[in-house]
Amino acid sequence: MCLSLDILMAVESKLEQIYEWLLREYGPQGWWPVRCECAESGYHKENFAVPASAKGRWEVCAGAILTQNTAWVNVETVLERLRAQELDDPETLMLCNDSDLAQAIRTAGYHNQKAKSLKNLAQWFLSPGPKTRVDLLSVNGVGPETADSILLYAFHQPSFVIDAYTRRIFSALEIVNMSWKYEKIRTLFQANLPVEIECYKEYHALLVEHAKRYYRKGTSAQCPLRRVLGKNLFDGDLA
DNA sequence: AACCAGGACGTGA
DNA sequence: TCACGTCATGGT
């Protein structure tokens, strides 16, 4: 009978129930974590802000590149260094030569690639005209997740971000399959959630927080969301 | 001391 | 199309 409940519950209902549970459990995350502009240094979890300035929007863009397969704590360090070296805006960054820029961002890893990606993205950022997903995806170094992060958190466009954590969580809950491609998963979310930008932002941020607790590689704690969806703790593949 | 991190791209089959 | 190697440093 647990199985029948699982079948009867529509995807739409599941996605919303999971969101409500995460929000109650962890509270609003307030992503994207931009540096508080009134603070002299450091990132303040209490003061995450929506970037209102071009510089703030660019910080989201740069962070989206720098955090590719990289822990955010290392990105913070680099963003601070870029600010200290006055490379925290796209105009001056484009004037910097590749090797100097690579050195400035070295501690975030993949520095040679990311230096080029940042320059490519800076050119996109400064180019006139609407900021479209298609144009963004044509930038070398910007894949679908980076593109959606930028569109959602820097430009307030309703594009749901799918990352490795999202895949792990929802495949464990048997809502998506690990073999599904990025666009298919993104379409599933967008087709089954109200088109609300703030909800898109919160949802992705909450999923990251949840995954860090239950879905890191090497840990296999029982995910409490299984219960939320009415799954029997004794069935499934973890026995 | 291996192993992982809020991926993306180029390559060959 | 798609699986697989490569890119690289810092934290645990």
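Every number here is computed from the coordinates shown, using simple stated rules; none is lab data. These figures come from a predicted structure and were not determined experimentally. Cβ atoms come from the backbone with ideal geometry, glycine included; neighbour counts cover every protein chain shown.
Computed packing ranks the peptides A:155-167, A:87-99 as A:155-167, A:87-99, most packed first, by mean other Cβ atoms within 10 Å. Against chain A, whose longest principal axis comes from its Cα atoms, helix A:182-191 is set at around 70 degrees. Rounded, prolate or oblate: which fits chain A when a ≥ b ≥ c are the square roots of the eigenvalues of the alpha-carbon gyration tensor, with rounded for a/c under 1.5 and prolate only if a/b beats b/c? Verdict is prolate for chain A. Give me the one-decimal nm value for the distance between modelled label points at A:Gln17 and A:Lys212, 7 Å along each residue's Cα-to-Cβ direction. Once both label points are built, they end up 2.7 nm from each other. Highest-first packing order for the peptide set A:206-213, A:127-134, A:11-18 is A:206-213, A:11-18, A:127-134, based on the mean count of other beta carbon atoms within 10 Å.
Remark: the A:Asp98-A:Trp72 segment gains 7.1 nm on full extension, using 0.36 nm per residue and subtracting the alpha carbon distance. The alpha carbon centroids of the stretch A:99-128 and the stretch A:166-196 are separated by 30 Å. Working from Cα pairs under 8 Å separated by at least six residues, relative contact order for chain A is 23 percent. For A:Gly109, the shell of other residues with beta-carbons less than 15 Å away shows a net charge of +3, using +1 for Lys and Arg and -1 for Asp and Glu.
With r defined as the distance between the Cβ atoms of A:Ala164 and A:Gln123 and R0 fixed at 30 Å, what FRET efficiency is calculated, to the nearest 0.05? Computed FRET efficiency for A:Ala164 and A:Gln123 comes out at 0.60. Note on chain A: with charges restricted to the Cβ of Lys and Arg (+1) and Asp and Glu (-1), its dipole about the Cα centre is near 580 debye.
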